[in-house]
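Contents: one structure, followed by commentary.
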Amino acid sequence: MSTDKRRPGRRPGSADTRGEILAAARKVFAEKGFDKATVRGIAREANVDPALVHHYFETKEGMFAAAMRLPFSPENIVKTLVEGPREEVGERLVRMILQVTANPETREPLLALIRSAMTNEQAVTMVREFFTNALLYQVADRMEVPYLRIEAAFAQMFGAIMARYVIRLEPIASAGHEELVEVLAPTIQRYFTG
């Protein structure tokens, strides 16, 4: 006689629980946007316990980055920008964005998300909520910079990346990193220090 007793631990079923959570996260983020999506709602969609979601992804922001295949962790970006001398934040921001976008493997998912946002209202809402709440406002609050200034710095870098990789505007498309840091960093710095 066999007993069909459930064992504690991992739930039975697919070996790719992390993948199932990511698929559910993509669906929930697309339907509800970043702000209204919840870990509990994503867990429900994936048919897993919310604790399992937290096991694989510490935060909702980290789950979003993984689900959207973003080449960075929001927590690391915020940490990189707010730690270190304030008078060098412009240079840190420019270097970080140039580094993330230099490699096609890390650049393409980011550009794909941006392209989606340009043609899809749900995507633009999700991207806007994520960038403002998980990144920009976190940095602004910690550095005591007005939201308008942090959004202007972001817009400046967004434009530079679009010109470099989407429009391929010359000479910015073929300029070296150091040359771009030299040109962009002082302007970005001004947004942080006035």
With respect to Val89, determine if the residue is assigned to a helix (DSSP H, G or I), under 17 Å from the mean Cα position of the chain (by Cα) and at pLDDT 90 or above. no
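Quick test for you: out of Leu110, Leu70, pick the one residue that is aliphatic (A, V, I, L, M), farther than 24 Å from Glu179 by Cα and in contact (Cβ under 8 Å) with a residue 24 or more places away in the chain.
Leu70
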Failed condition for Val100, given (1) open to solvent by less than 50 Å² (accessible area, probe 1.4 Å); (2) modelled with pLDDT of 90 or more; (3) in a helix (DSSP H, G or I); (4) closer than 29 Å to Ala66 by Cβ, with all others met? (2)
Restricted to the stretch 143-154 and to residues being assigned to a helix (DSSP H, G or I) and of a type in the set (D, E, K, R), the residue least open to solvent (accessible area, probe 1.4 Å) is Glu151
Quick one: in the stretch 155-183, which of the residues that are under 25 Å from Val127 (Cβ atoms), of a type in the set (Gly, Ala, Ser) and open to solvent by less than 40 Å² (accessible area, probe 1.4 Å) is farthest from the chain's Cα centre (by Cα)? Ala173
Could we say that Ala153 is of a type in the set (Gly, Ala, Ser), at pLDDT 95 or above and more than 18 Å from Ala37 (Cβ to Cβ) here? yes
Of all residues making up the stretch 37-65, the number that are in a helix (DSSP H, G or I), open to solvent by 20 Å² or more (accessible area, probe 1.4 Å) and at pLDDT 85 or above: 11
Only one residue in Met126, Met118 is farther than 18 Å from Ser73 by Cα and assigned to a helix (DSSP H, G or I), so which one is that? Met118
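The values are calculated or read from the model by the stated rules, or taken from the named source; none is laboratory data. Just so it is clear, the model here is predicted, and its values are computed rather than measured. Cβ sites come from the backbone with ideal geometry, for glycine too, and all protein chains shown count toward neighbours. Note: areas computed on protein heavy atoms with side chains; ligands, DNA, RNA excluded. Shrake-Rupley method; radii C 1.70, N 1.55, O 1.52, S 1.80 Å.
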